[in-house]
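The values are calculated or read from the model by the stated rules, or taken from the named source; none is laboratory data. Model, not experiment: these values are computed from the prediction. FYI the Cβ positions are ideal-geometry reconstructions off the backbone, even for glycines, and counts take in every protein chain you see. Please note that ligands, DNA and RNA were not included when accessible areas were found on the heavy atoms of the full protein model with its side chains. Shrake-Rupley method; radii C 1.70, N 1.55, O 1.52, S 1.80 Å.
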Amino acid sequence: MSQIVYLNGKFLPIEEAHVPVLDRGFIFGDGIYELIPVYSRFPFRLREHLKRMGNSLAAIRIENPYTDDEWENLLRELIEKHPAEDQSLYIHITRGVAPRDHAFPKGVKPTVFMMSNALLTPPALQVKQGVMAISANDIRWDSCDIKAISLLPNILLRQMALDEDAIETVLFRDGILTEGAASNIFAVEDGVILAPPKDHHMLPGITYDIVLELAEANHMPIEIGKFAESRIRAADELWITSSTKEVLAITTFDGKSVGDGKPGPIFEEMYQLYQDYKDLVMRHRTD
Ligand code: PDD
């Protein structure tokens with residue numbers, strides 16, 4: 001059976017979903033996106049994802065085409081049309097279709113596309129053993145807090161990791177940790193969780209927020225700040241967080257072991273807290 005997607009007001013088979021070549025998403029990468037994990041057909045942290053999407057739209061001056069309630073109804077309909085219980089829901093909004101001109105077109109409706117795929121979380125072995133990551137200079141622009149669809153730098157940076165059989169590239173801007181090519185990065189130093197601040201040099205991750213909330217609720221010490229590359233390289237633990245990777249330990253960084261080369265004790269605690277939190281939310285469905 002063909003996958004059902006949403007395009008501009010219609011649910012239709014993916015093969016029948018077409019966008020004109022003059023769509024500004026295709027021509028300029030002029031749009032934003034959002035990715036929401038769905039567990040047991042329940043969109044996780046929906047309000048926060050919709051808020052971040054609203055912020056991205058406002059930042060690039062596209063009017064939000066739907067209210068939160070309208071989004072929720074559309075998302076729930078799309079989720080029901082997919083056979084998987086756990087899904088990753090992708091929303092993509094562009095400035096619409098218009099003759100090619102950098103200027104914003106007038107009176108043009110945004111293009112809204114949504115699809116949902118089976119959610120692929122990290123295999124148990126990666127959680128148990130940790131993963132490899134490399135580092136690179138953060139070559140992106142200065143507005144990384146916008147979840148823009150123009151992801152060319154992120155793609156090139158992530159591919160650098162994949163070419164080395166690593167799974168993520170950790171980025172430093174002027175020698176300061178920012179985030180991963182498609183994730184946020186935490187470190188642990190002497191039992192303290194180190195996190196970069198939510199400024200315009202990183203995407204404000206929804207998973208990042210959950211990790212900090214869980215750390216605070218469980219009296220785990222946190223330091224939010226700008227961390228020099230030398231401190232990150234000497235850290236006892238490094239973690240990747242994202243909606244699809246959840247919380248994952250980096251155990252090899254630029255070919256060297258992080259700590260003793262195994263996922264560390266603070267990671268183990270946070271991983272369990274994250275899984276318990278997911279279970280709790282799924283049971284009560286109040287998130
Ligand atoms: N990426 N930073 C960047 C650059 C990201 O692309 C992502 C997520 C994150 C983590 O955000 P969150 O915890 O809300 O998933 C941080 C998604 C998964 C993607 O592009 O596919």
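Numbers for the structure displayed
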| quantity | calculated |
| --- | --- |
| Computed helical MRE - 222 nm, the chain, DSSP H runs ≥ 4 contributing -39500 (n - 2.57), nearest 500 | -9000 deg cm²/dmol |
| Residue-span extension gain [residue 280 to residue 151] - 0.36 nm each, minus C-alpha spacing | 43.1 nm |
| Counted charge near residue 263, where neighbours are those whose Cβ lies closer than 12 Å (Asp, Glu -1; Lys, Arg +1) | -3 |
| Karplus-derived HN-Hα couplings along the stretch 33-42 (A = 6.51, B = -1.76, C = 1.60, θ = phi - 60°), whole Hz, x at Gly and Pro | 9, 8, 10, 10, x, 10, 10, 6, 6, 10 |
| Leading residue at positive end of dipole, the stretch 4-118 (Cβ point charges), from 90, 13, 118 | 90 |
| For peptides 263-271, 141-149, sequence by mean Cβ density within 10 Å, most packed first | 263-271, 141-149 |
| Unit charges on C-beta of K, R, D, E only; dipole of the stretch 124-282, Debye | 340 debye |
| Percent carbon-and-sulfur accessible area, the chain, ignoring ligands, DNA and RNA, probe 1.4 Å | 54 percent |
| Whole-Hz ³J(HN,Hα) from phi, Karplus 6.51 cos²θ - 1.76 cosθ + 1.60, for the stretch 254-268, glycine and proline x | 6, x, 10, 5, 8, x, 8, x, 10, x, x, x, 6, 4, 4 |
| Derived scalar couplings ³J(HN,Hα) [the stretch 209-226; Karplus, 6.51 cos²θ - 1.76 cosθ + 1.60; whole Hz; x for Gly, Pro] | 4, 4, 4, 5, 4, 5, 4, 5, 4, 10, 6, 8, x, 10, 10, 9, x, 9 |
| Amide H contacts under 5 Å for residue 150, placed H, 5+ residues apart | 31 |
| The stretch 1-61 and the stretch 121-190: distance between their alpha carbon centers, rounded to Å | 23 Å |
| Accessible area of the chain divided out per residue, in Å², using a probe of 1.4 angstrom | 49 Å² |
| Extended-chain gain in nm, criterion 0.36 nm per residue less alpha-carbon gap, residue 10 and residue 64 | 17.7 nm |
